[in-house]
Amino acid sequence: MTEMQSKTDQAKTAAQLTKASETPYPEVARPKLGIVLCLLSMLIFASQDGITKVLVKDLPVAQLVMVRYWLFLVFALAYAACQGSVRASFRSRHPWLQITRALIGVGEIALFAIGLRFLGLAEMHALYAVFPLMTLALAGALLGEFIGLRRWIAAAIGFSGTLIILRPGAGVFELAALIPLASALGFAIFNVLTRRISQDDAFATNMFYMAGFGALAVTFVGLPGWVTPTPMQGLLMGILASTGVIAQLLLIQALRYATAATLQPFNYTLLVFASLIGLMVFGELPDTWTLVGAALVIVGGLYAIKAKG
C-alpha cells in the first residue's frame, strides 16, 4: 500500500500500488473505467489527508499511523490468504530489505502527517509531488537503471518547480517546508527498494512485510502515548483507516482495466483534489508561486513518464 499508503495513505501508497501491481490481469481492457477508478482513489487519498490534518491537532501522529497500520495488517493478511497461504507470504529472498522498506514506509507516512500540522494541503502535495523525480534519480544511482537526457531534463524541470515553491533566499522560506521534501525522499527510497525486492518477492509478500513490521514498529511508539479520542475523533479515525483500504482496492481494480503507464499521469490529480479540499474545508488559498511551481513539478513528472531516453 501507498501507500497506508497510503497512503494507507498514503498519496504516497497510490504510486506504490501502481508500481507493485503491474502483473497483467485477465480482464477486458477498459481504460476509461480504470481511469475513473484511479481518480476516485485519488479523491479518497486527498480526503484522508484532510481528515489527518484535522486529527493531528489534538492526537499524536504515531497513534493515527498505528490505527491505520492495524487495519492495513488485517487487509494484508486477508490478501495473502486469498492468494493461497499466509505462511508462504512470509518467505522472502530479501527479509532485511523488506524490514528496512517497512520502517521507511512508516516514517514517511508519519513525516507527512507531521507536515500537515504546519503546512496547507496544496503546499504539502506540491512539494511531495516531486517524489517520482527523486525515484528516477535514485533508481539510476542505486539500481543502475538507464535515465537518459530527456528524463534528466524532466527532473530539472520538476526540481526547478520545487525551488519556486520554496523560494530560498526570498525571505518566505519555512523550515517546515523541508518536511514534505523529507517525506518525498523517504517515499522515493521506498519505491526504489520496492523495485529491487519485487524482482524476487511476490506482491503478497511485499504487503505482508510492510503491514506486519510497520504495524509492529509504530505500535511500540503509538501505544504508550495513546490519547483517548472523542466519539467524533474515533469516528474520523475509523474512516481514515477504512477508506485507506477502500482506496487501495479501487486502485488495484483500476489496474485490472488499464495499464500502470496509462494511470500514472492521473496520480497527479491527487494534488488537484488536495488543493480543492484545502480551499473549501480549511480556507487555504495557495499563492501564485505555489501554483506555478506545482505546475512545473507536474510537467516534469509527466514528461519523465513519456520520455524514453
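Nothing in this text is a laboratory measurement; each read-out follows from the coordinates by a stated rule. If you're wondering where the values come from, they're calculated on a predicted model, not measured in any experiment. Glycine gets a Cβ as well: all are built from the backbone with ideal geometry, and neighbour counts include every protein chain shown.
Would you order E284, E145 from fewest to most other beta-carbon atoms within 10 Å of each residue's own beta-carbon?
Ascending number of Cβ neighbours within 10 Å: E145, E284.
In sequence order, what are the phi-derived ³J(HN,Hα) couplings for region 113-120 according to the Karplus relation 6.51 cos²θ - 1.76 cosθ + 1.60 with θ = phi - 60°, rounded to whole Hz, with x for glycine and proline?
5, 4, x, 5, 6, 10, 10, x
Could you give me the ³J(HN,Hα) list for region 199-205, computed from phi with Karplus coefficients 6.51, -1.76, 1.60 and θ = phi - 60°, whole Hz, x at Gly and Pro?
Each residue's phi maps through the Karplus curve to give 5, 10, 9, 6, 4, 4, 5 Hz.
To two decimal places, what compactness ratio does region 32-92 give when its Cα radius of gyration is scaled by 2.2 N^0.38 Å?
Dividing the Cα radius of gyration by 2.2 N^0.38 Å gives 1.51.
Binning at 5 Å from 0, report for region 249-299 what percent of all alpha-carbon pair distances ends up in each bin.
In order of increasing distance, the bins hold 4, 17, 21, 20, 14, 12, 10, 2 percent.
What is the order of D49, D201, fewest Cβ neighbours within 10 Å to most?
Ranked by crowding around the Cβ, least crowded first: D201, D49.
Rg/Rh for region 115-174 to two decimals, with Rh computed the Kirkwood way over all alpha-carbon pairs.
Ratio value, two decimals: 1.06.
Quick one: net charge of K57's neighbours, Cβ under 15 Å, K/R +1, D/E -1?
-1
Counting pairs of Cα atoms in region 106-229, how many percent are more than 18 Å apart?
Counting every Cα pair in region 106-229, those more than 18 Å apart make up 63 percent.
Calculated FRET efficiency, I239 and V86, Cβ-Cβ r, R0 41 Å, to nearest 0.05?
0.90
Quick one: H94, H125, fewest Cβ neighbours within 10 Å first, how do they rank?
Starting with the residue having the fewest Cβ neighbours, the order is H94, H125.
At 25 °C and 0.890 mPa s, grab the translational diffusion coefficient of region 173-246 from Stokes-Einstein with a Kirkwood Rh over Cα pairs, rounded to a whole number in µm² per second.
Approximately 160 µm²/s, per Stokes-Einstein.
Around E145, which amide H atoms from residues at least 5 apart in sequence, or from another chain, sit under 5 Å from its own amide H, with H modelled in the peptide plane?
Under 5 Å from the amide H of E145: G140.
So if each residue of separation counts as 0.36 nm, and I subtract the Cα-Cα distance between T230 and L142, what length gain in nm does that give?
Full extension from T230 to L142 adds 27.1 nm.
Return the sequence-ordered ³J(HN,Hα) values of region 259-273 in whole Hz as given by the Karplus equation 6.51 cos²θ - 1.76 cosθ + 1.60 applied to θ = phi - 60°, using x for Gly and Pro.
Running phi through 6.51 cos²θ - 1.76 cosθ + 1.60 with θ = phi - 60° gives 6, 4, 5, 5, 7, 3, x, 6, 5, 6, 5, 4, 5, 5, 4 Hz.
Take the alpha carbon atoms of region 152-212, find their radius of gyration, then divide it by 2.2 N^0.38 Å using N residues; give the quotient.
Taking N as the residue count of region 152-212, the ratio is 1.57.
Calculated from DSSP H runs of 4 or more alone, at -39500 (n - 2.57) each and per residue, what is the 222 nm mean residue ellipticity of the chain, nearest 500?
Per the formula, -24500 deg cm²/dmol.
Taking the Cα atoms of region 45-185, what is the range of coordinates along each of the three principal axes, in descending order and whole Å?
55, 46, 23
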